[in-house]
1. Would you list Thr70, Thr123, Thr60 from fewest to most Cβ contacts within 10 Å?
2. For the chain, give me the percentage of DSSP beta bridges that are antiparallel, rounded to the nearest 5 percent.
3. How large is ³J(HN,Hα) for each residue in segment 99-111, as worked out from phi by the Karplus curve 6.51 cos²θ - 1.76 cosθ + 1.60 (θ = phi - 60°), to whole Hz, x for Gly and Pro?
4. From a point 7 Å beyond the Cα of Arg33 in the direction of its Cβ, which residues of segment 122-151 have a backbone N at a distance under 13 Å?
5. Which one of Pro137, His119, Ala51 is farthest out on the positive end of the charge dipole of segment 3-147, using unit charges on Cβ (Lys, Arg +1; Asp, Glu -1) and the Cα centre as origin?
6. Starting with the fewest neighbours, write out Met109, Met23 ranked by other beta-carbon atoms found within 10 Å of each beta-carbon.
7. Using a/c under 1.5 as the rounded threshold, could you call the chain rounded, prolate or oblate? The axes a ≥ b ≥ c are square roots of the C-alpha gyration tensor eigenvalues, and prolate needs a/b larger than b/c, oblate otherwise.
8. Run the numbers on the chain and let me know its relative contact order in percent, using alpha-carbon pairs under 8 Å that are six or more apart.
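What follows draws every value from the coordinates through simple rules; no lab data is involved. Bear in mind that the values here come from a model prediction, so they are computed numbers and not experimental data. Glycine gets a Cβ as well: all are built from the backbone with ideal geometry, and neighbour counts include every protein chain shown.
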Amino acid sequence: MGSFHRPAVRVICFDADGRVLLMNWRDPHDGSRLWEPPGGGIEEGETPLEAARRELAEETGLDSARIGDTYLDVHRETTWKGRRYTGDEQFFAARYDTSRPALSGAGLMPYEVEELLGHDWVTPAAFATLPDRLEPPHLAEILPVLQQHVR
């Protein structure tokens, strides 16, 4: 299996109680499942921040203006759709003033709807108990750094 790199971004969303929003995806090729923050590929002509705001709006319906422009470069290695992806992604942060803000994935493509098992607001202490793989696995180490930079 070859290794690919696609410029991408992720958004760490914190709710008023310090929970983190994660999305649970099912890989249609091998059935594996993973939890990861919302995000996705940077389209041609977009800045990483523009991509983060677009992806968050599409995948969650949350107010993407809550994303600050500070980011953290995070090394990721993951397998998705039968391909192994490696490289650094820019992780942005957003803070919301309510507990578990409502979600809606209005911009998801039909195939993404089929692959998405759901969203959840998770305390970092619960990461180890999630039923599927956490990606990136060092997410708990990333959160304190980003929390310092959100409004």
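1. With the fewest neighbours first, Thr70, Thr123, Thr60 line up as Thr123, Thr70, Thr60.
2. 70 percent
3. Per residue, the Karplus-derived 3J(HN,Hα) values read 7, 6, x, 5, 10, 7, x, 4, x, 6, 6, x, 5 Hz.
4. Inside the label zone: 130-134.
5. Result: Pro137.
6. With the fewest neighbours first, Met109, Met23 line up as Met109, Met23.
7. rounded
8. Result for the chain is 34 percent.
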